[in-house]
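The values are calculated or read from the model by the stated rules, or taken from the named source; none is laboratory data. Fair warning: this is a prediction, and the values are worked out from it, not measured in the lab. Heads up, the Cβs are rebuilt from the backbone with ideal geometry, glycines too, and the neighbour counts pull from every protein chain shown.
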Amino acid sequence: MKTKLYFLPTFIISIFLTTSCISEIEFDGDVQESLLVMNGFINPDSLIKVHLSKSKFFLQSDSDFPVVADATVTLFVNDQEKGILNYTSNGYYYYQSTYIPQVGDKIKITASNSQFSTIESTTEIPSNPNILSVDTLNFKTNMDYIINYDYYNENSEPVKDTVGLYISEEGDLRIKFKDNIKLTNYYRIKTAVKNYFDNDSTAIIYTNGYSDDMVFGGNEIEDIWDVSSYSQYNEFNDELFNGKEYTLKYHYSLYESIYTKKTDVETNYYDYSNPYYKTETKIPVKRELLVILQSISKDYYYYLKTRSASENEMEFFSEPVQVYSNISNKIGIIGSFSTSTYSISLP
């Protein structure tokens, strides 16, 4: 299905722009009943959880989706029933038992309650990707002081003071990895910065990233929706390098503010007498760039591709893109992924 854009005659557009009244267009179709929506992403060595909610009619203005707290959610592993997922809060159900997902496991999850009939979805956990090396190019780091100009001392004299650091950095990466020749593989690339502090605590900040690598421009699904090669979720497949080593081009950037004095959440002005100001942070003693390569399931891949196409489509009289679903009633997604991480020391 090609995305279609319909153009109106100039005189009709002129009428739209110059008219001063607003008319309501009544909907003559049938209001659809709510459906049970199930979403979840499963990866090895972590607890299995899914989220259940109710779908809403598209003309409803409320942005919140009501959660479902009284469903029976059942886990099957390799066609064997494992048990029930327990409800916790905010629509989330967890499998709280000894089983931990493993690479190659086929996971099926079913859900139902008194209002909805049973829905189900199946996914198979892919193997971990094999990162061989990561090279950095054109690496840049800039640091500026965050200055507070609006603080007054006891004599009501304006004082400017340094209350933190503003860090911006960016670089080009060349990520070399080995693809599995046995089957079609699907990937997603992300980067993050991990900060280490002198009290043994850590914090991970995900970075911005994009790529003009050819793997993002040659996927067959783009011929269906006729979108550009830009991929906001950085997902791709192995169509161009199946079974071979490949070096992926990727650019990342990070903008981070570190406040070394207590500052106001809204204004960033600091005042030691105000107990509601956010706690000061410390300068990291060590920093690492994490290159995160994920092998993702086919369903997860098509979900990201269609979601990206849907969010980037031209809204002016364009034909909508339906987001991919592998739930039996076509609402929601159960996907899976495995992750490999490569660390690089930063200044």
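Observations, loosely collected:
- With respect to the conditions (1) without any contact (Cβ under 8 Å) to a residue 40 or more places away in the chain; (2) surrounded by 12 or more Cβ atoms within 10 Å (Cβ to Cβ); (3) assigned to a strand (DSSP E or B), S97 falls short on a single one, namely (3).
- Matching residues in the stretch 180-189 - criterion: being at pLDDT 95 or above and surrounded by fewer than 21 Cβ atoms within 10 Å (Cβ to Cβ): R188
- Within the set I167, I84, the sole residue that is surrounded by 13 or more Cβ atoms within 10 Å (Cβ to Cβ), part of a strand (DSSP E or B), among the aliphatic types (A, V, I, L, M) and not assigned by TED's automatic domain parsing to the domain that holds I296 turns out to be I84.
- Residues considered: V134, V103, V77. Of these, the only one that is of a type outside the set (S, T, Y) and more than 25 Å from the chain's Cα centre (by Cα) is V77.
- Answer residue from the stretch 322-345, given it is surrounded by 19 or more Cβ atoms within 10 Å (Cβ to Cβ) and among the aliphatic types (A, V, I, L, M) and is farthest from the chain's Cα centre (by Cα) among those: I327
- Under the condition of being assigned to a loop (DSSP other than H, G, I, E, B), at pLDDT below 70 and β-branched (V, I, T), the residues counted in the stretch 256-315 number 4.
- One residue from T162, T191 being part of a strand (DSSP E or B), under 18 Å from the mean Cα position of the chain (by Cα) and touching a residue at least 24 places away in the same chain (Cβ under 8 Å): T191
- Tally, over the stretch 104-114, of residues that are farther than 8 Å from L36 by Cβ and either assigned to a loop (DSSP other than H, G, I, E, B) or not assigned by TED's automatic domain parsing to the domain that holds V67 (or both): 3
- Filter result (of a type in the set (F, W, Y) and outside any strand (DSSP E or B)) within the stretch 194-208: F197
- You will find that of K140, K176, the residue that is at pLDDT 95 or above, in contact with an Asp or Glu (Cβ under 8 Å, 6 or more places away or on another chain) and in a strand (DSSP E or B) is K176 and no other.
- Evaluated against (1) within 28 Å of I344 (Cα to Cα); (2) within 21 Å of the chain's Cα centre (by Cα), K178 falls short on exactly one condition, (2).
- Residues that are surrounded by 15 or more Cβ atoms within 10 Å (Cβ to Cβ) and not hydrophobic (A, V, I, L, M, F, W, C), drawn from the stretch 129-144: P129
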